[in-house]
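Single-structure report; data block below.
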Amino acid sequence: MTGIDLQRSFIDLFSGLGIDPEVARVMWMPLPMLAVVTIATVGALAATWLERKISAAAQQRIGPEYAGPFGLAIPAADVVKLLIKQTVVPANADPLLFVLGPVIVFISVFLSFLVIPFGENLVISNVATGIFLVIAISSIAPIGLLMSGYSSNNKYSLLGGLRAAAQSISYEIPLALAALAVAMMSNGLSTVEIVEQQADLGILSWNVWRQPIGFIIFIIAALAECERIPFDLPEAEEELVAGYQTEYSGVNFMLFYGASYANLFLSALLVAILYLGGWELPFPIDKVAELLSIPETNPIWQVVAAFLGATVILLKAFAFIFLAILLRWTVPRVRIDQLLDLGWKFLLPIGLANLLLTAALKLAFPGAFGG
Amino acid sequence: MKLSQGVELVSLLVLTAMVVAAAMGVVLSPSIVYAAFLLGLVFLGIAGMYLLLNADFVAAAQVLIYVGAVNVLILFAIMLVNRRKVYREVKLGAVRQLVAIAVCVSLFALLLYTNLNTVWLLTPEVTALPSGIVTLGQHFFNEYLLPFELASVLLLVALIGAIILARREFVPDRGEENLELVERPKELVAVKEE
């Protein structure tokens, strides 16, 4: 195992202070979870700020300016505003399901960050089912959407919830097929393995060159899973007021809002991990270390490498978020029949063909396609 | 390892209680929507059980297929045909309930008997086994290839059947239907007259 290992260092430090290693392990456990939840929250907040700034630029406005430098305090102001608003539960709504719906959506998004690596050892849990687990957990979210749509006792909410569930079921299949082609090349489902398989030649060995079709399928399906324009049918303002969120206010609405941006951040990180080499720099950093004759075990070098890796994966993720926001403010919405046609009649066959092609290439060129 | 054993025991107890309570809720809840949501909770609890048994891939597949697909489809069906009907009293209701209780108790007794009379291979200590994906794949494509392929044929049959049912020309026209969505009547808030 190369690279930084914070857990071992932490346990060594505390056993040095005379604490039982077992106890030190227990003390370590909540720390990475807290760190990742913080990263996910900050990432989502940053995405809302970017949304405002980029939409303003796309419409030749300035956007938020006075709240902090460049309006950077606007997300915090949003959160405070939503926290102090009254949480209304409409009359004749089902109060239990009404509150439970947004909670399920929120939890299912944040749970998926469990297997997102920010570095070789900067991951809560490197489970072998990695990417499959993310797809499985994110399939729980439609239940929360159906729940809130049903319990609101509102036509628009119910239609929005049904649309959201139909959409996320339809687009989960092409998403999973695209991810499956990548898993086939890296001989495993673990997110760390998938990144390490792209590490040899820097930018040249990233999966985006070997899986161009899969990359496009994954981007389209990820946008549809995040319910963003051009696929924001479940909350189409002109048709359904705000879809399943129509009756929500205050903290419950904040959970939906936060979950949607955290989901965007999650999808961006997944794109970076599956296709853009994860935390790997555009040039192989190990070769640089060899060239400068720095040993791999040098602690300062390890910290620098881990820091560079985490920065690079965030940069890649925010590049995808930039693309998603730009698409939102430039592209019109598709109709519901076009949306389902695109998913079932175009992306699904293309995804299957891509899988077949990948398998054939893997057999023909085992060196280049992870034989 | 003391810690992992304790965690396993507590998780097992919590999961068991959750699954049993949710399953009872599915059966006993008068509201069909609540029953469907509780069914999702049962599936999640079973996935947790698989995790405790070191079958992480099976657990993820359980969540993806049963919670993410089957349960969502059940909910879909319930919400699209959500008609409020007054159910008629069933004839001989008490006798039916007695028969149901007898069947359930005898099934439970059978399971309990099997459970108590089987020698279980119990490993005393908790060990982190490697993931089962590779083993599972090898079994699927060696000794269990035929059942695996037959299951896919079964799915194909179901798929074709669904398409046939969904095609409009095979469905007889039933005239005008009320397609309005059901919404509970909203009570108007009394406006104070000025």
- Message: Need a quick list: helices (runs of 4 or more DSSP H) entirely within the stretch A:1-110 having at least 3 residues that are within 14 Å of another protein chain (Cβ to nearest Cβ).
- Response: A:21-28
- Note on the structure: Within the stretch A:259-312, residues being more than 23 Å from the chain's Cα centre (by Cα) and among the aromatic types (F, W, Y) number 2
- Task: State all residues of the stretch B:3-15 that are out of contact with any helix residue (DSSP H, G or I) (no Cβ under 8 Å at 6 or more places or on another chain) and within 12 Å of B:I46 (Cα to Cα); if no residue qualifies, say none.
- Result: B:V14
- Query: For the stretch A:138-153, which residues satisfy the criterion of being under 18 Å from A:V241 (Cβ atoms) and open to solvent by less than 20 Å² (accessible area, probe 1.4 Å)?
  - Reply: A:L145, A:L146, A:S148, A:G149, A:S151, A:S152, A:N153
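Residue-by-condition table, conditions (1) under 22 Å from A:A310 (Cβ atoms); (2) in contact with an Asp or Glu (Cβ under 6 Å, 6 or more places away or on another chain); (3) at pLDDT below 90; (4) among the small types (G, A, S):
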position	(1), (2), (3), (4)
A:T129	no, yes, yes, no
A:F132	no, no, yes, no
A:A141	no, no, yes, yes
A:P174	no, no, no, no
A:M184	no, no, yes, no
- Pairs only if they're at least six apart or on different chains, beta carbon under 8 angstrom, first in the stretch B:20-38 and hydrophobic (A, V, I, L, M, F, W, C), second open to solvent by less than 50 Å² (accessible area, probe 1.4 Å) and assigned to a loop (DSSP other than H, G, I, E, B); list them, first residue then second. B:V33/B:N82; B:A35/B:S29; B:L38/B:S29
- Item | Filter result for the condition that a residue is open to solvent by 60 Å² or more (accessible area, probe 1.4 Å) and either in a helix (DSSP H, G or I) or within 21 Å of A:D5 (Cβ to Cβ) (or both), over A:I273, A:I300, A:I313, A:I325 | A:I300
- Within the stretch A:215-229, can one find any residue that is touching a residue at least 24 places away in the same chain (Cβ under 8 Å), open to solvent by less than 10 Å² (accessible area, probe 1.4 Å) and within 21 Å of A:A359 (Cα to Cα)? yes
- Among the residues of the stretch A:94-116, write down those that are within 20 Å of the chain's Cα centre (by Cα) and aliphatic (A, V, I, L, M). A:V103, A:I104, A:V105, A:I107, A:V109, A:L111, A:L114, A:V115, A:I116
- Write out, first by first residue and then by second, each pair whose Cβ atoms fall under 7 Å of each other, whose residues are 6+ apart or on separate chains, and whose first residue, in the stretch A:305-316, is among the small types (G, A, S) while the second is in a helix (DSSP H, G or I) and crowded, with 16+ Cβ neighbours inside 10 Å. A:A305/A:I285
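The values are calculated or read from the model by the stated rules, or taken from the named source; none is laboratory data. Model, not experiment: these values are computed from the prediction. Every residue, glycine as well, gets a Cβ built from its backbone with ideal geometry; the counts of neighbours run over all protein chains shown. What goes into the accessible areas is simple: the full protein's heavy atoms, side chains included, and nothing from ligands, DNA or RNA. Shrake-Rupley method; radii C 1.70, N 1.55, O 1.52, S 1.80 Å.
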